[in-house]
Amino acid sequence: MEWKYQTIEREGFALQVAKNNTDGPPLFWIGSALYYPRVIPSEIAEKYEITVVDQRGFAKRTSSKPESREDYALEKLLDDFALVQTELKIPTCPVVGHSGHGYMALSYAREFPKLVSHLVMISTGPSHGAPILEAEVYFQKEASDLRKAAHLQNQIQFQKNLERTPEDFFIHYCVSLEAKGFYQVPFPSRKFWEGIHTNKLAFDYLFGEVFRDIVVEDFFKGLSVPTWICMGKEDYQVAPYYTWNSILKEFPKIKMTVMEKSSHLPFLERPNEFLNEFQNAVLTS
């Protein structure tokens, strides 16, 4: 699948945007314009016209001013996404957020409902706070010995990688979770991260504080678009699928699918099953 790239500069950040050449319904995918085109399988990319936009944590800075937490305020990121969607004339369509980007998609759908037809949150737990502690409990209880041994080796390599290039903390951290985040073990996930730039402060602030403290129930109360959550049954990287149960009892209109034989990237690992579930969720709401 061929992807075309362009850069939109905004407030000292060079936001990359990737778009495939499919003549299909539009999807607006939030995250990294380099990472996600590498993991979105052809089964999906051939059916939908997908635009993937950088969030500021992945965008190269063009300003000489010292960066600050305010540069990565969630409201600023949402304005970035709205600007890109408007400038590129992307019509109202489903917005997709994977993992921590699911919180960005959730916030975007609440803030800009006229730009969003459906909200899709993939492999996103209720928060990066207390619910995520259950991930380790789930891992120790359910994961195979092979997966546990691989994870231990990955943690050793993680420390070595940090000593070599500490500025790439987020990438090293994600790679160190391969045994928790991929159904197939071992899995060479570092290839997906080649050449990707990260701003450590953005991830420390957004993923370490904002998404730690987020209260998704408050966002759901102000949400006006149909919502679908997709979780991998064997995803040990974020809060497990069952941590959503008590919350979703309060919001019966929100649909959730738990996909068997998949982990943190169900769309990559089970593309046909994911596509069927996605289309059922979107077309029937």
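The values are calculated or read from the model by the stated rules, or taken from the named source; none is laboratory data. If you're wondering where the values come from, they're calculated on a predicted model, not measured in any experiment. Cβ atoms come from the backbone with ideal geometry, glycine included; neighbour counts cover every protein chain shown. Ligands, DNA and RNA are excluded from the accessible area calculation, which covers all protein heavy atoms including side chains. Shrake-Rupley method; radii C 1.70, N 1.55, O 1.52, S 1.80 Å.
Being among the acidic types (D, E) and over 17 Å from S189 (Cα atoms) is the filter; apply it to segment 147-168 and report the residue that is most open to solvent (accessible area, probe 1.4 Å).
Per the stated criteria, the residue is E163.
For segment 242-250, check the following and say yes or no: at least one residue is in a helix (DSSP H, G or I), open to solvent by less than 30 Å² (accessible area, probe 1.4 Å), aromatic (F, W, Y) and touching a strand residue (DSSP E or B) at 6+ places or on another chain (Cβ under 9 Å).
yes
Would you check if V175 is modelled with pLDDT of 95 or more and exposed (fewer than 12 other Cβ atoms within 10 Å of the Cβ)?
So V175 does not fit the description; no.
When you go through (1) crowded, with 18+ Cβ neighbours inside 10 Å; (2) modelled with pLDDT of 95 or more one by one for A281, which number turns out not to apply?
Unmet condition: (2).
How many of the residues making up segment 47-73 are open to solvent by less than 10 Å² (accessible area, probe 1.4 Å), of a type in the set (S, T, Y) and more than 21 Å from C93 (Cα to Cα)?
Number of matching residues: 1.
Are any of the residues in segment 177-198 touching a strand residue (DSSP E or B) at 6+ places or on another chain (Cβ under 7 Å), in contact (Cβ under 8 Å) with a residue 24 or more places away in the chain and under 21 Å from P37 (Cα atoms)?
Yes, there is a match, as at least one residue in segment 177-198 is touching a strand residue (DSSP E or B) at 6+ places or on another chain (Cβ under 7 Å), in contact (Cβ under 8 Å) with a residue 24 or more places away in the chain and under 21 Å from P37 (Cα atoms).
For segment 91-143, how many residues are over 17 Å from the mean Cα position of the chain (by Cα) and hydroxyl-bearing (S, T, Y)?
Qualifying residue count for the region: 3.
Any chance segment 261-273 includes a residue that's within 21 Å of S107 (Cα to Cα), open to solvent by 10 Å² or more (accessible area, probe 1.4 Å) and not in a loop (DSSP other than H, G, I, E, B)?
no
Got a sec? Which of I30, I44 is open to solvent by less than 70 Å² (accessible area, probe 1.4 Å), of a type in the set (V, I, T) and touching a strand residue (DSSP E or B) at 6+ places or on another chain (Cβ under 7 Å)?
Checking each option against the conditions leaves just I30.
For segment 1-27, give me each residue that is open to solvent by 60 Å² or more (accessible area, probe 1.4 Å), out of contact with any Phe, Trp or Tyr (no Cβ under 6 Å at 6 or more places or on another chain), of a type outside the set (A, V, I, L, M, F, W, C) and farther than 30 Å from R69 by Cβ.
If the condition is that a residue be open to solvent by 60 Å² or more (accessible area, probe 1.4 Å), out of contact with any Phe, Trp or Tyr (no Cβ under 6 Å at 6 or more places or on another chain), of a type outside the set (A, V, I, L, M, F, W, C) and farther than 30 Å from R69 by Cβ, then E2, K4, K19, N21, D23 are the ones that fit.
Is there any pair with a first residue in segment 268-285 that is closer than 20 Å to S189 by Cα and a second that is part of a loop (DSSP other than H, G, I, E, B) and open to solvent by less than 20 Å² (accessible area, probe 1.4 Å) whose Cβ atoms are under 7 Å apart and which are 6 or more apart or on different chains, and what are they?
Partner pairs satisfying both residue conditions: L268/P41; E269/S262; E269/S263; R270/S262; P271/P41.
Looking at K76, K89, K114, which one is open to solvent by 10 Å² or more (accessible area, probe 1.4 Å), touching an Asp or Glu at 6+ places or on another chain (Cβ under 8 Å) and outside any strand (DSSP E or B)?
Exactly one of K76, K89, K114 is open to solvent by 10 Å² or more (accessible area, probe 1.4 Å), touching an Asp or Glu at 6+ places or on another chain (Cβ under 8 Å) and outside any strand (DSSP E or B), namely K76.
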